Each structure stands twice: as structure tokens, then as C-alpha cells.
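Beneath this line is the structure, given in C-alpha cells, with notes to follow.
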Amino acid sequence: EAGIPVQYLERSFGYTKDERGVFVADEAEAVWVRKIYEMAADGYTPASIKRYLNENGVKTVGGVQWVDSTVFRLLENEIYIGNLVQGKRTTPNHKVKQEVVKPESDWIRIEKNHEPIISDRDFEIVQRLLGMDTRISPDSDMVYNLSGIAVCADCGSPMTRKITTAGDKKYAYYICSNHKLTKQCSQHSISVSLLEDTVLEMLKLHIKNVMNLEEILDYIGTIPFQQLDVKSLEARKQKKLEEVEKCKRLKTSLYEDMKDGILTKEEYLELHEAYLKKAKEGEEIIRQIERDIALILEEKDDKHLWMNYFTEYKDIKELTRDVVVKLICEVRVSENKEVEIVFDFDDCYKQLLESVEKLGYQVDKEPGGQLNISRREAV
């Protein structure tokens, strides 16, 4: 699809317009768009990205230098994943010139309207980072490896990095930011080196477990997993069909209730509309389920693609900001220095383990956390 014409929109950095007025990537600028997203994922702040662009002579669409807000707007703009979003702002009426931001539910979003420059996954990662509470040292352009990721396991507050000096040596450690501000939680103090070493080892183990699962997946083949998925979807579809039929029956009975005086006309109209809406929503869910089943049967489903994101780092030697934000959602630190990690795609990982067990395999976790997967003996 070529996308709808966008003559009425100003040009965005990274894109130009063809003779039809459709956005197409300007490769000379698109290279810099990818660089900006790459730097953001690596831990560079909008301020440091701005400096990098200006030092390298990169100009904005208007030919002026970059500022923090320009970088930030570029990083949150869905245009770079191919989406066209319109109607974000409006004026209350013709007498008021000042624009106001409309609720996001009122925006007009046309997905995959034009050629993307950034992948959906890279965009999602950057959006997650933009919403984090991250801090940097005064003399650094980059956030710390675990900034915004490490949190207190008890109160959920971000862990704050601190430096102490003993003699001529400096020691870096994390403490609960809630303790620092209000003393309403304990310190949860842990050295940066201990925490990062622990996270690295736990990440290595998780990657090893994912690779173990991947081997099992290759051995079993995709057909049994497809059958399990289709069976689950069929059950969900049947339940939704029953809900829709129930809504239709109730909607039909409303008229008799109004005739018998059980409902007023206003109540009848209100309930009739509610049941109609719920039935339509249910029918749309059923159509989506049928599309999902068709995708699975056509082997176009990429539900296990997430495993590649982990196995890509099977030879990881050190912890970097890039690896952390791509593979980890949260690192929870307890008062006794115990560490729990919520990995990205954790729900997919657990669902796959459950599917493997349903297919007759025994999944045991050894004391160190490594998975041991074996064929269950027939009884």
C-alpha cells in the first residue's frame, strides 16, 4: 500500500514526499533517524544526542540546530514506524486561536500508512525508556546501565545511584529513592558492581534457558504447538460465541419487558443499545480469533520470534545499557540483596514452558536456576 496523500502535513525529518504527496524515506536523513534511536537505546540522553547532531553538522528540516525538545519529539513520533497520526490538537472554537491537545482516544491513527524507518520493537523500547525515571552523573552524556530498571522490591520506587568516598577510593552503590526522600522504606543498599554482576549472570542463565527451549521447539516441531494454540483459540471463540448469543437473546427480550411495564422506554433504549454494542464487540473479537487461527494454520505466526532477541546475545560478556533495555523490564532489589529480574517477553516464556509440559515433557528448575527439560515417562 502506498499510503494516503499527506500534502497538508509538514515534512518530517527523515521523510520527503513523492509526486503523489505520499511520505517516502529520505535515506540521507533516515540514517540519522536510526542513529538517534540507536543512541537513545544505548543510554544517551536527548541533550547529548542534540550535541552529537549539532557537532556533526546535521540540520533539522527547518535548517536550524537541534534542541532537546526536537530530539524528544522525534523519538516519540509514530511516523517513523509508518503510522500517520492526525488530530492531536484543535481549537475550542473559531474565536479562540490557541490550540489545545485532544485526548489520545480522539486522535486519528492510520497504521502502516507509509514506509517505516524504525522497527516496531525498537520504537517500543525507546518509548519505554522515555517514560523512565533516569538520572545521569553531571559529567556524563549517558544514563547508567540500570537507571529506571532497578527498583526497590518492597515499595517499587526506583533505586538511586550514590557515590561514597573512603580515603582515596570511591564506591558506587544503589539505594531505595523512597528511603532517601522520606525514610519510609529501608535503604536496600547494594553495590553497583555486585548488582550488575548478578544481573549479568542471571541474564546469561536466562539466555541459556531460552536456547534450551529453542532446541526443544526445533525437536518437537511447530505442528504440536499449532494444535495447542488452535485448541485454545477455538475454546475462546466458543465462549465468545455464547456471550454474543446471550446478548442477542437479552436484547430480544427487552421489548416484551417494556410492553409488560417492567422497563420504561428510556431504560429499554439504553439497555438495547448496551446489548447491541456488546454483541458487536464480541463479533469483532470472534473475527480476530478466526484471523489468528488462520495465521497459525498458514504458519505465518511469528509468536516465537522473541526468542531470537535473547539468543542474539548468547555470547554476552558484559552488561551494557543496550542489552539491559532490550531484554529486561525490571530488576527488583530486596533488603537482603536478593535480586529478581522480570525479563522482556516473560509471559511468552512462561506460556511456552506450559505448552512444552502439555506436550509430555518434564520441566524442572535446578538449584542454580537452569532448566532441565526431559521427555516424561509414559505411565
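The values are calculated or read from the model by the stated rules, or taken from the named source; none is laboratory data. Bear in mind the structure is a predicted one, so any value in this text is a computation, not a measurement. Note: ideal-geometry Cβ built from the backbone for every residue, glycine included; neighbour counts use all protein chains shown. Side chains included, ligands, DNA and RNA excluded: accessible areas come from the protein's heavy atoms. Shrake-Rupley method; radii C 1.70, N 1.55, O 1.52, S 1.80 Å.
Of all the options MET202, MET258, MET159, the one that moves most in a Gaussian network model of the chain with Cα springs shorter than 10 angstrom is MET258. In whole percents, the pair-distance distribution calculated for the stretch 7-67 from its alpha-carbon pairs, binned every 10 Å from zero, is 22, 48, 25, 6. Note that the stretch 174-292 carries a Kirkwood radius of 20.4 Å, evaluated over its alpha carbons pair by pair. Once all protein chains are placed together, ILE262 keeps about 110 Å² accessible to a 1.4 angstrom probe. On the chain, 50 percent of the accessible area sits on carbon and sulfur atoms, based on a 1.4 Å probe. Packing around the peptides 164-174, 40-50, 230-240, taken as the average count of other Cβ atoms within 10 Å per residue, puts them in this order, highest first: 40-50, 230-240, 164-174.
Taking the Cα centre of the chain as origin and assigning +1 to Lys and Arg Cβ atoms and -1 to Asp and Glu Cβ atoms, the resulting dipole is close to 1020 debye. Of LYS50/LYS180; LYS231/LYS314; LYS162/LYS317; LYS280/LYS358; LYS314/LYS350; LYS162/LYS183, which sit over 23 Å apart, Cα to Cα? In this structure, LYS50/LYS180; LYS231/LYS314; LYS162/LYS317; LYS280/LYS358 exceed 23 Å between Cα atoms.
Listed by chain and number, the lysines whose C-alpha is less than 25 Å from the C-alpha of LYS259, apart from same-chain residues fewer than 8 away, are LYS246, LYS248, LYS251, LYS277, LYS278. Note on the stretch 63-88 and the stretch 186-213: Cα centroid distance 35 Å, given to the nearest whole angstrom. Among the GluC sites (Glu not before Pro) in the stretch 29-84, those located in a DSSP loop and surrounded by at most 13 other Cβ atoms within 10 Å of their own Cβ are GLU76. If I take every Cα pair under 8 Å that is 6 or more residues apart in the chain, average their sequence separation and divide by the length, what percent do I get for the relative contact order? Normalised by residue count, the contact order of the chain is 14 percent. 3J(HN,Hα) along the stretch 260-265: 7, x, 6, 10, 7, 5 Hz, from the Karplus curve 6.51 cos²θ - 1.76 cosθ + 1.60 with θ = phi - 60°, whole Hz, x for Gly and Pro. Of ASP218, ASP364, ASP260, the residue with the greatest mean-square motion in the GNM of the chain, using alpha carbon springs below 10 Å, is ASP260.
When the chain is treated as a GNM with alpha-carbon contacts under 10 Å, the residue of GLN351, GLN65, GLN86 showing the greatest mean-square fluctuation is GLN86. Near GLN187, once Lys and Arg are set to +1 and Asp and Glu to -1 for all other residues with Cβ below 14 Å from its Cβ, the sum equals +3.
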